[in-house]
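The values are calculated or read from the model by the stated rules, or taken from the named source; none is laboratory data. This is a predicted model, so every value here is computed, not measured. Don't worry about glycine lacking a Cβ; one is built from the backbone with ideal geometry, like all the others, and counts go over all protein chains shown. Note: areas computed on protein heavy atoms with side chains; ligands, DNA, RNA excluded. Shrake-Rupley method; radii C 1.70, N 1.55, O 1.52, S 1.80 Å.
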Amino acid sequence: MADISLSKIATDHSRISYGLTLMVISVLLSPLIDIFAKLAIATVPSAEITATRFLLQVIFILPIVLIRGTLFDLTWRKTGLHALRGGLLVVTMLSFITTLKVMEVADAIAIFFVEPIILTILGSIFLKETIGWRRYTACGVGFFGALLVIQPSMQEVGWIALLPVVAAFGLAVFLLVTRMVAQNEDPWSMQFHAGIWGGLFCLVLLYFGEGTGSGIFDPVWPEGAAWYYLLGVGVTATISGVLGVYAYRAAPASVLAPLQYLEIVSATIFGWLVFGDLPDALKWLGIAIIIGSGLYIIWRERRIHKDTSVAPVSPAI
């Protein structure tokens, strides 16, 4: 009996280590999506970059859902929720990608990381989750940290510096809806249908935006390196998303969630290597406060509700 228990412990430890490894790779690769998007947005509108990501996501995932036989496992309720999730992803991605045209990648991602804080507050309101004063205090501290990054950014680029907050809010609502859908839904099917609806919404926006001259909605025919940047967005998003799916299958979300903050580190490194950007001292302070408050919220939730997980930021979206 003891041998069986030891074997099970070893197996669980191996699975968790495997999940941790996949999650680390996923979050370190994730900022490459934003690097490619920032390169592409110089000549390609935000909605077109977003639509390309959804298109490639659907193409890559289609064979998987066909093999798993979950493609047509739909009801009217599921379809409505998939459409809602797709719409929320469009809001999230359009807001964030538009920001990258004028903001440094690390700054935008740092502000975007108020998402776990927003998710905690929304969970207490809509899912009636019990949130104590400690986590509410951590949320307030986290928002203060975000202001330290937003305030100088607003001086540099204006109100567009608030778009990562809009993106964070959109993703937080998306994750709340995902919690409802994920109970009885195949994760690959969820990603596929979210991609379908997100792509459809983007095509509608591009159709009505044609000829407006908008840097967000007016479609263009990509030229030269822009094709490679768009392909880079789709490929890195899919790889990162797939790694995230398998990571969360192998290890508990409460174990993996803190690793999401490694994304700020890799975003800073990639931003410096590609664009020569580095946050200043005030922004570093804000980033440190955001990370600290987010980690504290995860720790408190893990301690109080061991079965409760904090959803990951970088989607597998």
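Ligands, DNA and RNA aside, Phe143 has an accessible area near 70 Å² when probed at 1.4 Å. Using the Cβ of Met23 as centre and a radius below 12 Å, the other residues enclosed give a net charge of 0, where K and R count +1 and D and E count -1.
The candidate values are [x] 23.9, 86; [y] 22.3, 82; [z] 19.5, 72; the one derived from this structure for Rg and Dmax of the Cα atoms in Å carries the label [z]. Sorted largest first by accessible area at a 1.4 angstrom probe radius, with every protein chain in place, the residues Trp221, Trp133, Trp299, Trp188 fall in the order Trp221, Trp133, Trp299, Trp188.
Note on the stretch 186-299: Cα Rg divided by 2.2 N^0.38 Å, N the number of residues, gives 1.39. Taking the chain as the region of interest, the number of lysine pairs whose Cα atoms are within less than 29 Å, with members eight or more places apart or on different chains, is 7. For Glu223, the accessible surface of its heavy atoms amounts to roughly 140 Å² (probe 1.4 Å, protein chains only, rounded to the nearest 10). Between Leu20 and Arg179, how many nm apart are label points set 7 Å from Cα along the C-beta direction? Computed distance between label sites Leu20 and Arg179 equals 2.6 nm. Rolling a 1.4 Å probe across all protein chains gives Val242 an accessible area of roughly 40 Å².
Evaluating 6.51 cos²θ - 1.76 cosθ + 1.60 at θ = phi - 60° for every residue in the stretch 140-152, the Karplus couplings come out as x, 5, x, 5, 4, x, 4, 5, 5, 8, 5, 4, x Hz, glycine and proline recorded as x. Across Ser14, Ser153, Ser266, mean-square fluctuation computed from a Gaussian network of the chain (C-alpha pairs under 10 Å connected) peaks at Ser14.
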